[in-house]
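Encoded as structure tokens, the structure appears first; notes follow it.
The values are calculated or read from the model by the stated rules, or taken from the named source; none is laboratory data. Because the structure is predicted, anything quoted here is derived from the model rather than measured. Note that each Cβ is placed from the backbone with ideal geometry, even for glycine, and that neighbours are counted across all protein chains shown.
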Amino acid sequence: MAVCLSADLALQAEAFHCGYNAVLLCMALVMSEFRYKIVADELSSRIARGIYPEGGLIPAETELMEEFDVSRHTMRSALAVLESQGLISRKRGKGTVVEKRPSSAGFQQSLGSLEDLVYLAAASPRTVRSIKEVVVDVELAKLLAVAPGTRWVRFSSTRDAEDGTPAVWVDVYVNKRFEDIKSLVRKQPERLISELVEEKYGCLIESVEQIASAVGLPAFVADVLEAAEGVPALRIVRRYRDHSGSIASVSVSYHAGDRYQLSTMLVRRS
């Protein structure tokens, strides 16, 4: 069965002026912006899990193209990512060889769209630690960008690294009018909470504002992540807004600094 690839936005052709020769290069990219990354992440995961063992071969390029339902260009871009990471090598007359397994110490995220967040959630299901209704105080209101004194439902959870240890703590604050998703959050840990809100209430998320800050790891997070309190950490706040710009939910995640990498691709727009 072909793996579902959700990012389906085509890049517009863009002209570049090339040095003194004034060469105009037009590139019409019909593949989705980040489709090759999704393929690369899935292949890397298979290598990590031993589906493609070290020293063995991964399937032929044409087989993978058919499985993932992507073009040759997209597949070669995905394989190039793995090759640049030293995970595979291509040997003439032999095929594509697995050289090593990727490190499983924490998370590495490559995010550029809401679809990438959806994929990330599916790849690392949450473990719900608690669900609680909270009244937002002044300090928290500033972090969430909501009004003080308003009521929100807080879903506290962790996501595990590939070795099964907790790698990230996440608090998701959902507007109280969406509180009936509590059971869905527990039953469908592989889905974003914003997805569940969309599906149940028809509240379409139009944009996600993401803010990353360097902080000291809070005590309540340090205990769960088995890290020292106050060590350098990355806090990521994501504010999910509907078509009117109103905030439907906010996630606040904490990552110990030595267990997490976040990469973002910037694309030139005409």
* **Those residues of region 56-88 which are at pLDDT 90 or above and farther than 11 Å from Leu43 by Cα, in sequence order** => Gly56, Leu57, Ala60, Glu61, Thr62, Glu63, Met65, Glu66, Glu67
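Please specify each residue of region 157-171 satisfying the condition of being charged (D, E, K, R) and assigned to a loop (DSSP other than H, G, I, E, B).
Matches in region 157-171: Glu162, Asp163.
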* Kindly check whether there is at least one residue in region 104-123 that is touching a strand residue (DSSP E or B) at 6+ places or on another chain (Cβ under 9 Å), surrounded by fewer than 17 Cβ atoms within 10 Å (Cβ to Cβ) and at pLDDT 90 or above. => no
* To do: Filter region 70-96 down to the residues that are under 21 Å from the mean Cα position of the chain (by Cα) and outside any helix (DSSP H, G or I), then identify the one that is surrounded by the fewest Cβ atoms within 10 Å (Cβ to Cβ).
  => Gln85
* Does Val174 count as crowded, with 18+ Cβ neighbours inside 10 Å and not in a strand (DSSP E or B)? -> no
* The lone exception for Val224 - which of (1) modelled with pLDDT under 80; (2) within 18 Å of Gly164 (Cα to Cα) it fails -> (1)
* Using the structure shown, decide if Trp152 is in contact with a Pro (Cβ under 9 Å, 6 or more places away or on another chain), surrounded by 13 or more Cβ atoms within 10 Å (Cβ to Cβ), outside any helix (DSSP H, G or I) and of a type in the set (A, V, I, L, M, F, W, C). => no
* Structure fact -> Flagged in region 202-222 as surrounded by 15 or more Cβ atoms within 10 Å (Cβ to Cβ), out of contact with any Gly (no Cβ under 8 Å at 6 or more places or on another chain) and either of a type in the set (Ser, Thr, Tyr) or in a helix (DSSP H, G or I) (or both), in numbering order, are Val221
* Out of region 177-190, which residues are over 25 Å from Glu226 (Cβ atoms) and either modelled with pLDDT under 85 or not in a loop (DSSP other than H, G, I, E, B) (or both)? -> Arg177, Phe178, Glu179, Asp180, Ile181, Lys182, Ser183, Leu184, Lys187
* **region 89-103, residues that are within 12 Å of Leu43 (Cβ to Cβ) and modelled with pLDDT of 85 or more** => Thr96, Val98
* Some residue of region 178-190 being touching a residue at least 24 places away in the same chain (Cβ under 8 Å) and among the basic types (Lys, Arg) -> yes
* To do: State whether the residues of region 159-176 include one that is of a type in the set (Val, Ile, Thr), under 28 Å from Ala227 (Cβ atoms), under 18 Å from the mean Cα position of the chain (by Cα) and at pLDDT 95 or above.
  => yes
